[in-house]
Amino acid sequence: MWLYKAKNVILLTFCLILTACGFHPLYTPPEQNSNICYPLKIATIQDRNGQILRNYLVDLLTPQGSPQNPQFILETKLVEEIRNIGINKNETTSRKEAILRATIILRTSRNHKVVYTHSTVAINSFSIIRQNYYSDLIAEDYAKREALRLLANKISLLISAYLDKPHEN
């Protein structure tokens, strides 16, 4: 019985110490972290999908708008690929996947020195119906948008993890 009480006391003490140390979960939903605004400017990204990705990043990283004097500039290079993954017996495609690769480069705004680089990938698949060409285009567009949303969340986590840790200046 005393062992059970001792375990509870140790667990309670650990929880109190953990909350007092400034611990905050990294994988919280973006809605709960919407008041965090990082001191960075998000550079424009080429093409329409790049614009969509940039808008997602602005919503996640700088929800209150771009800061007046940003400390960092986030550059993103986006490469997309559509690949056949499902082949029917008559050699027609039944399923495709949208692969979006992003290379992020974080630079200081003063001297444009690269302080962080990383590459990440988002993959989303979709079915090809072949009866209605328009529905195939809509399915492809939706798959790309969802992959872009996932990519933005991954980039947001990478940048948050980098900027939240202490650095030497």
Within the range 104-113, restricting to residues that are more than 17 Å from Ala161 (Cβ to Cβ) and assigned to a strand (DSSP E or B), the one that is least open to solvent (accessible area, probe 1.4 Å) is Thr108
Would a scan of the range 37-45 turn up a residue that is part of a loop (DSSP other than H, G, I, E, B), at pLDDT below 90 and buried (at least 16 other Cβ atoms within 10 Å of the Cβ)?
yes
Looking at this structure, is Phe72 among the aromatic types (Phe, Trp, Tyr) and either over 28 Å from Asp164 (Cα atoms) or exposed (fewer than 14 other Cβ atoms within 10 Å of the Cβ) (or both)?
no
If I filter the range 121-153 down to residues being in contact with a Ser or Thr (Cβ under 8 Å, 6 or more places away or on another chain) and at pLDDT 85 or above, which single residue comes out as surrounded by the most Cβ atoms within 10 Å (Cβ to Cβ)?
Leu151
Positions within the range 54-64 being open to solvent by 30 Å² or more (accessible area, probe 1.4 Å), of a type outside the set (Ser, Thr, Tyr) and either in contact (Cβ under 8 Å) with a residue 12 or more places away in the chain or in a loop (DSSP other than H, G, I, E, B) (or both), in sequence order
Arg54, Val58, Asp59, Leu60, Pro63, Gln64
Exclusive hit being part of a strand (DSSP E or B) and either more than 16 Å from the chain's Cα centre (by Cα) or more than 20 Å from Arg149 (Cβ to Cβ) (or both), set Ser125, Ser119, Ser135
Ser125
Failed item, numbered, when Ala161 is tested on (1) modelled with pLDDT under 95; (2) surrounded by 15 or more Cβ atoms within 10 Å (Cβ to Cβ); (3) within 14 Å of the chain's Cα centre (by Cα)
(2)
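The values are calculated or read from the model by the stated rules, or taken from the named source; none is laboratory data. Being a predicted model, the structure only gives us computed values, none of them experimental. In this analysis, Cβ positions are derived from the backbone assuming ideal geometry, glycine residues included, and neighbour counts consider all displayed protein chains. We work out accessible area using only protein heavy atoms, side chains counted, and drop any ligands, DNA or RNA first. Shrake-Rupley method; radii C 1.70, N 1.55, O 1.52, S 1.80 Å.
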